[in-house]
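FYI, it's all coordinate maths here, none of it is from the lab. Note that this is a predicted model, so its numbers are computed, not measured. Glycine gets a Cβ as well: all are built from the backbone with ideal geometry, and neighbour counts include every protein chain shown.
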Amino acid sequence: MTTKVVTLLGLVLIAGACNMSSPEMIEQQIKKKNEQVKKINDEIAQLESSLQPDSTSDMKYRVPVSTKELQTEAFKHFIEVTGKLEAEEDAYISPEMNGQIEIIHVKEGQTVKKGHIMVSLNTSLIESSIGEVKAGLELANKFYDKQKELWDQSIGSEMQYLEAKNAKEQAEARLATL
């Protein structure tokens with residue numbers, strides 16, 4: 001505001017110096033400009049006072065406000081929303097053999113790659129089945145060898161030889177599937 005007054009007075013003095021008027025005329029112009037400055041200052045004061053609320057009438061609407069210094073802390077606000085997620089790719093996993101899950105090696109959301117072991121199964125049942133099949137295969141091999149020797153000597157029947165051979169092949173196939 002004071003800059004406006006100083007600028008205005010400066011302009012008046014420059015204009016007066018350019019006119020080369022009489023000193024009385026310059027004084028009249030200065031008085032006139034000072035009156036205009038006073039009028040503008042009064043208008044500015046009125047506008048500023050209208051911006052400030054009346055302290056007595058607005059007291060009931062005032063709310064006490066306090067401030068707090070900003071600090072870093074954990075965000076603890078939660079909201080529940082409903083939505084639909086679609087995967088970019090579907091991945092299906094299946095075990096190489098049946099069994100109950102014993103240990104889970106990954107956590108939900110963890111990135112895995114092909115060949116990564118995700119779970120360990122309780123394989124005691126399968127291991128005992130493999131032992132049984134191996135024992136059966138050993139017996140079938142011995143029976144086959146005996147029947148083959150007899151067949152080569154033309155002592156046994158062809159049917160007994162074929163049954164022994166079939167039992168051996170079945171035991172081998174069962175072991176291969178486990």
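Some observations on this one:
- Test: residue in region 105-127 that is closer than 30 Å to LEU162 by Cα and either out of contact with any strand residue (DSSP E or B) (no Cβ under 6 Å at 6 or more places or on another chain) or among the charged types (D, E, K, R) (or both): yes
- Across region 90-127, the qualifying residues are those that are β-branched (Val, Ile, Thr) and part of a loop (DSSP other than H, G, I, E, B), and the one among them that is surrounded by the most Cβ atoms within 10 Å (Cβ to Cβ) is THR123.
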